[in-house]
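*Asks:* Quick one: structure below, then a few questions.
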Amino acid sequence: MSTESDQHRLKLRQTRPDDYADIAEIMDRVYPGKLDGAWTREQFDSQMHRFPEGQLCIEDNGKVVAAAISLRVKYSRWGHNHKYWDITGNGYLTTHDPKGDVLYGVDVFVHPHYRALRLGRRLYDARKALCEQLNLRGIVVGGRIPGYRAHREEMTPQQYVARVRARELVDPILTFQLANDFQVRKIIRGYLPDDQESDGYAVLLEWVNIYHTEDSDIIGGRPSDVRVGAVQWQMRPTRSLEDLYGQIEYFVDAVSGYQADVVLFPEFFNGPMMAPWNDQGPAEAVRQLAGYTDAIREQMLKFAVSYNINIVAGSMPEYDGEQLRNVCYLLRRDGTWDRQYKIHVTPDEVSYWGLKGGDKVKVFDTDFGKIGILVCYDVEFPELPRLLAEQGLHILFVPYWTDTKNAYLRVRRCAQARAIENECYVVISGSVGNLPKVENMDMQYSQAAVFTPSDFAFPHDAIAAEATANTETMLIADLDLDNLREIRSQGSVRNLRDRRLDLYELKWK
């Protein structure tokens with residue numbers, strides 16, 4: 001089974017009856033010769049019948065590669081000393097209670113070939129979202145501790161769990177669950193008597209739904225639909241692709257650690273790689289830089305899949321032997337990708353590099369909403385964002401590179417205007433620092449920011465977040481898409497609705 005990133009087409013969905021063969025294959029691989037391997041067909045069908053919403057999986061190109069099984073219980077009925085086969089109805093989920101107050105995690109398993117992609121985390125996040133949607137108190141799981149067997153002669157289960165919680169030991173399951181915000185409640189003896197690796201012990205863990213409302217039929221949910229991140233990137237001498245990848249991964253890891261849906265990188269963030277050709281002139285240096293573009297895109301796509309975060313990959317040069325263009329890649333966490341070319345090139349880009357502009361703009365569908373991408377100078381032309389707004393734009397991403405404060409302020413002021421006139425969010429980010437040995441990219445000025453429309457549902461200054469100027473950092477902001485829907489229908493002013501289309505219109509030739 002290949003796991004090459006350019007072949008991934010990951011999709012999180014509810015499990016279907018015809019997924020049994022794939023799921024049985026995974027379970028047999030994960031539990032070979034222990035814990036009875038895969039569920040029987042009868043157990044699987046019963047799980048699907050009892051609680052279809054709680055059965056989740058991730059497919060890759062149509063084949064299931066990871067899955068999670070859950071049920072809903074009235075937890076007071078079971079208490080803290082329950083046993084696995086009792087609370088799961090011997091795997092048939094006959095204990096499922098449609099009026100239960102807790103989501104109980106039965107199992108999570110990932111195909112061994114896919115364990116580097118953090119699919120378990122995606123399934124845990126999906127369980128949390130289901131718990132919030134159903135307005136349950138939280139999630140309870142009985143976690144195996146397979147690493148305990150190697151230490152049982154030297155410490156008790158309580159001591160082992162304490163060492164794992166203190167990060168002094170790593171347990172394949174407990175460490176993962178603690179990293180996903182689960183809290184230890186109790187150690188259970190005899191939870192799974194046949195689990196020799198855990199010596200029959202399990203750790204009862206709980207995740208609390210902070211959005212749970214008592215005695216309410218209102219479905220719980222997150223107050224913010226989308227969490228965005230922006231990297232304010234330090235330009236520094238870079239000797240190799242591996243050095244560049246390390247810097248990229250550092251920020252992808254950091255932003256994804258905040259459960260962000262997307263992260264934005266700046267325009268020409270890979271500019272330091274031009275240094276070896278600086279003496280050949282900027283036109284040749286940027287064409288040599290373009291030779292790295294495909295490899296960088298592929299590596300960033302792997303990061304998107306592995307860290308479960310969508311990446312708006314700033315911009316990079318693309319050269320086909322005749323035309324040099326500036327391209328921004330959208331790298332989705334499901335393994336797919338798309339591109340947006342910079343439409344307008346600056347006089348400087350023409351004179352130094354011979355850059356050509358693209359010829360179309362589009363709205364991209366993502367798992368968090370409809371987005372647009374305009375590279376730097378493009379945001380200074382109001383026609384482009386308006387065309388995107390007419391296609392349902394929610395968030396506009398603007399990677400930029402500016403060398404002076406007045407150049408930055410052109411981008412910033414125009415981005416703020418685009419957010420107001422198109423009733424959308426706009427995320428901008430650039431690079432900081434200096435590159436003495438890279439002609440035409442030797443100075444940087446940036447202050448990353450997230451802009452909003454200007455109305456009562458948004459911050460008083462229409463700025464959701466902004467970074468400290470000229471400092472390497474990252475920016476995180478929560479954006480509520482419902483506020484956009486509200487302003488477009490009930491706002492104090494309605495810039496999109498109130499256009500005089502009887503007098504004027506905008507057309508793409």
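*Asks:* Given the conditions (1) touching a residue at least 60 places away in the same chain (Cβ under 8 Å); (2) within 22 Å of GLY89 (Cα to Cα); (3) in contact with a strand residue (DSSP E or B) (Cβ under 8 Å, 6 or more places away or on another chain), report the number of the one that VAL208 does not fulfil.
*Replies:* Here VAL208 meets the rest and fails (2).
*Asks:* A further question follows. For segment 48-57, check the following and say yes or no: at least one residue is of a type in the set (Asp, Glu), in contact with a helix residue (DSSP H, G or I) (Cβ under 8 Å, 6 or more places away or on another chain) and under 21 Å from PHE176 (Cβ atoms).
*Replies:* Scanning segment 48-57, I find no residue that is of a type in the set (Asp, Glu), in contact with a helix residue (DSSP H, G or I) (Cβ under 8 Å, 6 or more places away or on another chain) and under 21 Å from PHE176 (Cβ atoms), so the answer is no.
*Asks:* Across segment 475-490, what is the number of residues that are among the aliphatic types (A, V, I, L, M) and more than 21 Å from the chain's Cα centre (by Cα)?
*Replies:* 2
Residue-by-condition table, conditions (1) of a type outside the set (Phe, Trp, Tyr); (2) out of contact with any Phe, Trp or Tyr (no Cβ under 6 Å at 6 or more places or on another chain); (3) within 22 Å of ARG236 (Cα to Cα); (4) surrounded by fewer than 17 Cβ atoms within 10 Å (Cβ to Cβ):
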{"site": "LEU393", "(1), (2), (3), (4)": "yes, yes, no, no"}
{"site": "PHE397", "(1), (2), (3), (4)": "no, yes, no, no"}
{"site": "THR404", "(1), (2), (3), (4)": "yes, no, yes, yes"}
{"site": "LEU409", "(1), (2), (3), (4)": "yes, yes, no, yes"}
{"site": "CYS414", "(1), (2), (3), (4)": "yes, yes, no, no"}
{"site": "ILE420", "(1), (2), (3), (4)": "yes, yes, no, no"}
{"site": "VAL426", "(1), (2), (3), (4)": "yes, no, no, no"}
{"site": "SER429", "(1), (2), (3), (4)": "yes, yes, yes, no"}
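*Asks:* Give me the pairs: first residue in segment 384-405 and at positive phi, second residue part of a loop (DSSP other than H, G, I, E, B), beta-carbon distance under 7 Å, and six or more apart or on different chains, which are they?
*Replies:* What qualifies is GLY392/VAL363.
*Asks:* Now a separate question. Give all pairs with beta carbons closer than 7 Å in which a residue from segment 347-367 that is buried (at least 17 other Cβ atoms within 10 Å of the Cβ) meets a residue that is part of a helix (DSSP H, G or I) and of a type outside the set (A, V, I, L, M); count only pairs at least 6 apart in sequence or on separate chains.
*Replies:* TYR352/PRO282; TRP353/PRO282; LEU355/GLU349
*Asks:* Looking at (1) within 30 Å of the chain's Cα centre (by Cα); (2) farther than 16 Å from ALA449 by Cα; (3) of a type in the set (A, V, I, L, M, F, W, C), can you tell me which one LEU503 breaks?
*Replies:* With (1) within 30 Å of the chain's Cα centre (by Cα); (2) farther than 16 Å from ALA449 by Cα; (3) of a type in the set (A, V, I, L, M, F, W, C) applied to LEU503, the lone miss is (1).
*Asks:* From the list GLN299, GLN288, GLN247, exactly one residue is without any contact (Cβ under 8 Å) to a residue 40 or more places away in the chain, touching a Ser or Thr at 6+ places or on another chain (Cβ under 9 Å), surrounded by fewer than 23 Cβ atoms within 10 Å (Cβ to Cβ) and in a helix (DSSP H, G or I). Which is it?
*Replies:* GLN247
*Asks:* For segment 263-285, which residues satisfy the criterion of being in a strand (DSSP E or B) and of a type in the set (D, E, K, R)?
*Replies:* Selection gives GLU267 alone.
*Asks:* Quick one: which of GLY142, GLY147, GLY190 is at positive phi and at pLDDT 90 or above?
*Replies:* The match here is GLY190.
*Asks:* Do we find that PHE368 is of a type in the set (Phe, Trp, Tyr) and over 26 Å from the mean Cα position of the chain (by Cα) in this structure?
*Replies:* no
*Asks:* Are there any helices (runs of 4 or more DSSP H) wholly within segment 19-125 with 2 or more residues that are under 30 Å from the mean Cα position of the chain (by Cα), and if so which?
*Replies:* 20-30, 41-50
*Asks:* Checking the structure you have, find out if any residue of segment 168-187 is in contact (Cβ under 8 Å) with a residue 12 or more places away in the chain, outside any loop (DSSP other than H, G, I, E, B), over 20 Å from ASP107 (Cβ atoms) and touching a helix residue (DSSP H, G or I) at 6+ places or on another chain (Cβ under 6 Å).
*Replies:* No; the residues of segment 168-187 include none that is in contact (Cβ under 8 Å) with a residue 12 or more places away in the chain, outside any loop (DSSP other than H, G, I, E, B), over 20 Å from ASP107 (Cβ atoms) and touching a helix residue (DSSP H, G or I) at 6+ places or on another chain (Cβ under 6 Å).
*Asks:* For segment 189-212, enumerate the residues that are closer than 16 Å to ALA179 by Cα and among the charged types (D, E, K, R).
*Replies:* Passing the criteria: only GLU206.
*Asks:* Let me spell it out: the conditions are (1) out of contact with any Phe, Trp or Tyr (no Cβ under 6 Å at 6 or more places or on another chain); (2) of a type in the set (A, V, I, L, M); (3) in contact (Cβ under 8 Å) with a residue 60 or more places away in the chain, and ALA150 meets all of them except one. Which number is the exception?
*Replies:* (3)
*Asks:* If you don't mind, another one. Which residues, taken from segment 33-84, are within 25 Å of ALA202 (Cα to Cα), of a type in the set (Lys, Arg) and without any contact (Cβ under 8 Å) to a residue 24 or more places away in the chain?
*Replies:* ARG77
The values are calculated or read from the model by the stated rules, or taken from the named source; none is laboratory data. Quick caveat: nothing in here was measured; it's all calculated off a predicted structure. All Cβ positions, glycine included, derive from the backbone under ideal geometry; neighbour counts span all protein chains shown.
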